[in-house]
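The values are calculated or read from the model by the stated rules, or taken from the named source; none is laboratory data. Because the structure is a prediction, the values reported are computed rather than measured. Methodologically, a virtual Cβ is constructed for each residue, glycine included, from the backbone with ideal geometry; neighbour enumeration extends over all protein chains shown. The protein model used for the area step is the full one, side chains on, heavy atoms only, and it has no ligands, DNA or RNA in it. Shrake-Rupley method; radii C 1.70, N 1.55, O 1.52, S 1.80 Å.
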Amino acid sequence: MYKRFILHYHLMKSSVRQSFRFFYRRHTVVGFEDVPRNASVVFVANHQNSLIDAINIVVVTPPIFQPCFMTRSDVFNEKSEGFLRSIKMLPIYRQRDGLDSIAKNEEVFKIVDEELQNPYSSMIIFPEGSHDTRRLVRPLKKGAARMIFQAAQTSDYTLPLYVVPVGLNYSDHDKFHSDLLIIFGKPIDVRNYYDLHRQSPARAINVLTADIHPAMAETLIHIPDEENLPLIDSLRKLFTLDQVQEMGLAPHKALDRFKADKAVVARMEETIAAAPEQVPAIAEAYKTYEAGLAALGIRDHVIRDMPHHPLALLGQVLALLLTLPVFLYGAVNHYHLYRLCYWIPRKVFKDPQFHFSVMWLSGYFLYPVSWLLQTLVVGLLTNGPVALAYLVSLPLTGLGAMAWTRGYKKLIARIKVTFGGKAAAENLKQQRASLRDMVWGKNKL
């Protein structure tokens, strides 16, 4: 059994939490106040982005929580295994890992069992079994329920044990400085299943697994219609802010946007259920609209926010000119790091679902190392106070350069549709309104 508190785990957790302040644009946590503090807790989460999924959950837990979590066995070797196990990472073996994979897994399950006997322990499990960027809860494996009931049985059914569903909602699965909303759902008290497990272990496992699935779906943008999932998800991204406005919510609040996302998905599902024959027409209208955006080299928000008043555009031009030095300073100091962190994951991993995790991991090590080396050079060329001021300036100006770049791209697109492609933009505005009416169907507010 691990110690309840491991110092180097705590220190790494704190440093990773700080890195997320720069890696994500918005990193929002909802619902953790309902997680029990005096019982064993198993966090069951969706799995969309490999290693960083578990890390995202670990860093938002208070210091009293130091969760164990499982990862693919192929990252464990003679050099890494000791360290990885010391931060409570455990290998999970698959059949293709060898004939003795089942026996090795049994050893890992025993460690999990021992860990959960501590009423202040926690564990992260991804019951879907593999990662997938589609926005739905896939069928769950029974392994999570088996491990949970094994711990209950070891304690002679006296262990206070809860399952907490967790939804990891990425705005973009592979984009630096995107948004992440983590929703902790209502805890499931496993003690309510103990009597059933005494009578029929197999049935208890099935029932708990079945109950976990909808609980996870509540914490996610869940689109169960797999046939139409790509279309529904694309339309969700397109019309979320329209839904936010109609519902009177705040567009800058992650939870409000999540509620609007769910509402758009529900509307689209109702529209498809009522008139499935309309799906090809909706898909074709969406395809035509996207092609129009691509032809102009713009994104949907430019059309959605039309018209763009010339005076407002002039104000944006002046703001960008005034902040141009910040952009140049930040870009000069960070462009090489940005390109490296983008290049490394794509060079090392063919599976795109590893890119986001490796992008963060690369930045976690490269940014502080590069900042220190750059500061050392500045210190050698100037003096200590100047070097210290330079070091302090790097994080904020790096983020400032990214914000400036986004503002510049938006401004150019707005100028283009206001002064250059006004007729084409007006046509796209009408296409968008027509598509919105098709999606909304009879479900208009």
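Put a plus charge on the Cβ of each Lys and Arg, a minus charge on the Cβ of each Asp and Glu, and nothing anywhere else: the dipole of the chain about its Cα centre is then about 1140 debye.
Taken over the Cα atoms of the chain, the convex hull encloses 183 Å³ per residue.
Sparsely packed loop sites in the range 292-384 (the trypsin sites (Lys or Arg not before Pro) outside DSSP H, G, I, E and B with at most 14 other Cβ atoms within 10 Å) comprise ARG299, LYS350.
Note on the chain: antiparallel DSSP beta bridges, both residues inside, total approximately 25 percent of the bridges counted.
Provide the net charge surrounding ALA331, with neighbours chosen by a C-beta distance below 15 Å and charges set as Lys +1, Arg +1, Asp -1, Glu -1.
Net local charge, ALA331 excluded: +3.
Listed values for the range 112-122 are Karplus-derived 3J(HN,Hα) couplings in whole Hz (6.51 cos²θ - 1.76 cosθ + 1.60, θ = phi - 60°), namely 4, 4, 4, 5, 6, 5, 7, x, 10, 8, 8, and x replaces Gly and Pro.
Note on the range 98-222: Kirkwood hydrodynamic radius from all Cα pairs is 15.9 Å, rounded to one decimal.
Hey, any idea what the orientation-averaged projected area of the convex hull of the range 287-404's Cα atoms comes to, in nm²?
Over every viewing direction, the Cα hull of the range 287-404 projects on average to 10.8 nm².
The residues of the range 177-218 present an accessible area of 46 Å² per residue when probed at 1.4 Å with all protein chains retained. Dividing the summed -39500 (n - 2.57) terms of all DSSP H runs of n ≥ 4 by the residue count of the chain sets its mean residue ellipticity at 222 nm at -20000 deg cm²/dmol.
In this structure the range 106-154 gives 41 Å² per residue of accessible area when probed at 1.4 Å with all protein chains present.
Surface composition of the chain: carbon plus sulfur atoms contribute 61% of the solvent-accessible area (1.4 Å probe, protein chains only, all chains present). Scanning the chain for GluC sites (Glu not before Pro) in DSSP loops with at most 16 other Cβ atoms within 10 Å, what's the longest stretch left with none? Of all site-free stretches, the longest is 228-445.
Computed from the Kirkwood radius of its Cα pairs, the Stokes-Einstein diffusion coefficient for the range 1-146 at 25 °C and 0.890 mPa s stands at 151 µm²/s. Sites listed here are trypsin sites (Lys or Arg not before Pro) in the range 12-73 whose DSSP assignment is loop and whose Cβ has at most 11 other Cβ atoms within 10 Å: ARG37.
Over the range 311-445, accessible surface divided per residue gives 60 Å², non-protein components excluded, 1.4 Å probe. The residues neighbouring LEU241, those whose beta-carbon lies less than 13 Å from its own, together hold a net charge of +3 under the Lys/Arg +1, Asp/Glu -1 convention.
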